[in-house]
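Input: a single structure, listed below in structure tokens.
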Amino acid sequence: KAGVTQTPRYLIKTRGQQVTLSCSPISGHRSVSWYQQTPGQGLQFLFEYFSETQRNKGNFPGRFSGRQFSNSRSEMNVSTLELGDSALYLCASSLSGRTGIFEKLFFGSGTQLSVL
Amino acid sequence: GIQVEQSPPDLILQEGANSTLRCNFSDSVNNLQWFHQNPWGQLINLFYIPSGTKQNGRLSATTVATERYSLLYISSSQTTDSGVYFCAVREETSGSRLTFGEGTQLTVNP
């Protein structure tokens, strides 16, 4: 079974631009979560999607958005990029993400975004 | 929100040594996982362990939920064990959100 796939692997953008990152979950997984990793803030939760609906959201500005498609693939978008958005963006999938239910999260290799 | 603290922040070992990594959390959790981040950035799931003890080869983990801590043991360490180890927890009221500790950077020298 293929793992979580994220594209692209690396991305270089300039301030003010926007960017879209893609995540394909493990087959059969319906929950997709996104995390941002920076040296200063560590790993922080961005949002989670289940059945094409945002189910949970972290403390990030509205410039960060996402969506999920009917095949569970997800995209996240960052508009008006700032230097501080440079980070490793990690996507994770799980079967349903239901609270209290035994569920592992499986992560992709991430997209390394550099904002110049 | 819940606080997750990991110790030590850095650990340097010689190949073959044993080590213990600790994770303290400030509130009740229903999901605790240990991850290893490899040099390419991928987080590899090591254990799902909200309570009790589990073993997988040279690695084992114990979580004492009532005392709000978890331990990850690495025995007979190898250079390939190098990387960052993260503990992540899910609060009972947070839905699917995982809160990560700051990690332990492990370096195993040959």
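The values are calculated or read from the model by the stated rules, or taken from the named source; none is laboratory data. Just so it is clear, the model here is predicted, and its values are computed rather than measured. We place every Cβ from the backbone using ideal geometry, glycine too, and count neighbours over all the protein chains shown.
Consider the range A:26-48 and keep the residues that are more than 11 Å from the chain's Cα centre (by Cα) and in contact (Cβ under 8 Å) with a residue 40 or more places away in the chain. The one that is nearest to residue A:84 (Cα to Cα) is A:38. Being part of a strand (DSSP E or B), within 11 Å of another protein chain (Cβ to nearest Cβ) and not aromatic (Phe, Trp, Tyr) holds for only one residue in B:44, B:12, and it is B:44. Taking the criterion of being under 20 Å from residue B:2 (Cα atoms) and β-branched (Val, Ile, Thr), the residues of the range B:63-92 that qualify are B:63, B:64, B:66, B:89.
Taking residue A:96, is it part of a loop (DSSP other than H, G, I, E, B), within 14 Å of chain B (Cβ to nearest Cβ) and either of a type in the set (Phe, Trp, Tyr) or surrounded by fewer than 22 Cβ atoms within 10 Å (Cβ to Cβ) (or both)? Against the criterion (part of a loop (DSSP other than H, G, I, E, B), within 14 Å of chain B (Cβ to nearest Cβ) and either of a type in the set (Phe, Trp, Tyr) or surrounded by fewer than 22 Cβ atoms within 10 Å (Cβ to Cβ) (or both)), residue A:96 qualifies.
Does residue A:16 satisfy the condition of being over 11 Å from the mean Cα position of the chain (by Cα), on the phi > 0 side of the Ramachandran plot and within 14 Å of chain B (Cβ to nearest Cβ)? The answer is no for residue A:16. For the range A:49-66, the candidate set comprises residues that are touching a Phe, Trp or Tyr at 6+ places or on another chain (Cβ under 9 Å) and either part of a loop (DSSP other than H, G, I, E, B) or in contact (Cβ under 8 Å) with a residue 60 or more places away in the chain (or both); within that set, the residue that is farthest from residue A:86 (Cα to Cα) is A:52.
Report whether or not residue A:91 is within 15 Å of residue B:96 (Cα to Cα) and more than 10 Å from every other protein chain (Cβ to nearest Cβ). Yes. Any residue in the range B:26-33 that is within 11 Å of another protein chain (Cβ to nearest Cβ), of a type in the set (Val, Ile, Thr) and touching a Pro at 6+ places or on another chain (Cβ under 7 Å)? Within the range B:26-33, one or more residues are within 11 Å of another protein chain (Cβ to nearest Cβ), of a type in the set (Val, Ile, Thr) and touching a Pro at 6+ places or on another chain (Cβ under 7 Å).
When you check residue B:98 against the structure, is it within 12 Å of chain A (Cβ to nearest Cβ) and touching a strand residue (DSSP E or B) at 6+ places or on another chain (Cβ under 9 Å), yes or no? Against the criterion (within 12 Å of chain A (Cβ to nearest Cβ) and touching a strand residue (DSSP E or B) at 6+ places or on another chain (Cβ under 9 Å)), residue B:98 qualifies. Among the residues of the range A:67-88, just one is assigned to a strand (DSSP E or B) and without any contact (Cβ under 8 Å) to a residue 24 or more places away in the chain, namely A:67.
Of all residues in the range B:51-91 being within 13 Å of another protein chain (Cβ to nearest Cβ), surrounded by 13 or more Cβ atoms within 10 Å (Cβ to Cβ) and modelled with pLDDT of 90 or more, which is nearest to residue B:26 (Cα to Cα)? That would be B:89.
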